[in-house]
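Reading through the structure tokens given below for one structure.
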Amino acid sequence: MNRQILVTIFTTLCLFAALGCSQIMDKSRGLQKPDRTLSKDERMEWFREARFGMFIHWGIYSVPAGIYKGEQVRGAGEWIMERAVIPVDQYEQFAKQFNPIKFDADQWVQIAKNAGMKYIVITSKHHDGFCLWDSKYTDYDIIDATPFKRDILAELAQACKKHGIKLCFYHSIMDWHHPDAQAPFYPLYNDSNKSNPNFDRYVEYHLKAQLQELIQNYGPLGILWFDGEWVKDWSREMGWDMFEYVLSLQPDIIINNRVGKIRMKTSELSQSEEFAGDYGTPEQQIPPTGLPGADWETCMTMNNTWGYKSHDHNWKSTEDLLVKLVDIASKGGNFLLNVGPTDEGLIPQPSVERLAAMGEWMKVNGESIYGTTASPLGKVPWGRCTTKPGKLYLHVFNWPTDGKLNVPNLTNKVRKAYLLADKKHSKLPVRRINENEIVVTVSNEAPDTINTVIVLEIKNK
Ligand code: JFZ
């Protein structure tokens, strides 16, 4: 054996030993990071391209649909167990009534796809602890506890694969049903001062075990979307440990910031050791200037609830939702728009209609959303701007009545201007009026009543 081979064998042995050690350290300290095969940029690539996804809040709370003992319950539909102070054994009865025979995974995925959405995040388990898949770690799931007995997540995984949509799971850390988590705290499931001495056991043998099941049997997944991390027993160390654990199960998965104890709020902090997770999740709001330097995704309801409520009719208009999508893209974020299906298995009709209308716009104008980055123009008086190398997309919400669109803060040379909806790309006249400003001559009437997109091909400096 020559020296070369001996050295190789020796280094290989050392490497194995080191790997083994780091795994042991990982278990005991929870903070050691395993070797990564992929960079964050590589993992985030599809997410940055996608820009638009569907959030689905679905569970046995769609049975009461916001009403308990004849009374309308305030708050979000999926919180009814906590809001109406329902004991665990009473709430479990909803599972027996959950029989969504109209559920059609293919149809749901098509609704998302036709809207222009690229990924779906569905509640594998919400705070109530009920599981939408056949879990071997509990009987409180769709197969063992309901008359429906069809694996919802398996059907969705198959449909997503067929239609090229990324499947992602929302998974609650807080669990009002598990005896080692919050269930014993009844009537105050969400009391952040209460501690369960067995919480570690819940994390190891329920939470982690189920996540492994989800990733291995229903993956590969796009995102694991954690929530409910505010419970007293969840720690910063657990957040880091979970982040590493999930990545070890699927190296290219994306994990939201709610896995960590402290949420990522600003850019400076996004890369800091303080924060576990890959991206920020502003809820029901669009950060005024985005989260510069960080990836983020605004999640939002179409009415006032995530989980279905029969009496919530406060729907946002299509126009409002489209403007929000563009506003978010212009600030460099993604839009995760929620639907709350009924206990029959249907996405409410007002949601279906709005998504279809958004899809019509996206079919023509999707290029100005997918894979774009935040606007370089700052505030523009008529709408928003998104960009890709060599192109600016001017989203004009308020069409100029005089047919003159002023574009401020633009010093680049403009090569060409045209309407994105115009397949021929007919040139629109462009005139520079000063160093910082150009004027595009457009028709007197807005071609699109909600948002007309003008493309500027620019010379990058
Ligand atoms: C959580 C859940 O409690 C809720 O049911 C829903 O699933 C939503 C998407 O997420 O609610 C939150 C989470 C975070 C904040 C507020 C409500 N927050 O950061 O302000």
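The values are calculated or read from the model by the stated rules, or taken from the named source; none is laboratory data. Please read these numbers as outputs of a predicted model, since none were measured by experiment. So basically every Cβ, Gly included, is an ideal-geometry build from the backbone, and we count neighbours across all protein chains shown. Heads up: the accessible areas ignore ligands, DNA and RNA and are worked out on the full protein's heavy atoms, side chains in. Shrake-Rupley method; radii C 1.70, N 1.55, O 1.52, S 1.80 Å.
Name the residue that is farthest from Asn217 (Cα to Cα), counting only residues in segment 160-180 that are more than 12 Å from the ligand (Cβ to nearest atom) and open to solvent by less than 20 Å² (accessible area, probe 1.4 Å). Result: Asp180. Within segment 53-82, restricting attention to residues that are crowded, with 20+ Cβ neighbours inside 10 Å and of a type in the set (Phe, Trp, Tyr), the residue that is farthest from the ligand (Cβ to nearest atom) is Trp58. When segment 279-297 is filtered for residues that are over 11 Å from the mean Cα position of the chain (by Cα), within 14 Å of the ligand (Cβ to nearest atom) and open to solvent by less than 40 Å² (accessible area, probe 1.4 Å), the ones remaining, listed by number, are Ile286, Pro287, Leu291. Scanning segment 123-153 for residues being surrounded by 24 or more Cβ atoms within 10 Å (Cβ to Cβ) and β-branched (Val, Ile, Thr) gives a total of 3. The set of residues in segment 369-386 being more than 20 Å from the chain's Cα centre (by Cα) and open to solvent by less than 20 Å² (accessible area, probe 1.4 Å) consists of Leu377, Val380, Trp382, Gly383, Cys385, Thr386. Contact map, segment 406-419: residues that are at positive phi paired with residues that are surrounded by 13 or more Cβ atoms within 10 Å (Cβ to Cβ), Cβ distance under 7 Å, separation 6+ or inter-chain. Pairs shown: Asn409/Leu377. Taking segment 93-181 as the region of interest, the helices (runs of 4 or more DSSP H) fully inside it that hold 2 or more residues being of a type in the set (S, T, N, Q) and closer than 19 Å to Ala356 by Cβ are 105-115. Can you confirm whether segment 94-112 contains a residue that is in contact (Cβ under 8 Å) with a residue 40 or more places away in the chain, open to solvent by less than 10 Å² (accessible area, probe 1.4 Å) and within 14 Å of the ligand (Cβ to nearest atom)? Scanning segment 94-112, I find no residue that is in contact (Cβ under 8 Å) with a residue 40 or more places away in the chain, open to solvent by less than 10 Å² (accessible area, probe 1.4 Å) and within 14 Å of the ligand (Cβ to nearest atom), so the answer is no.
One residue stands out among those in segment 387-401 that are in contact (Cβ under 8 Å) with a residue 40 or more places away in the chain and among the β-branched types (Val, Ile, Thr): the one that is surrounded by the most Cβ atoms within 10 Å (Cβ to Cβ), which is Val396.
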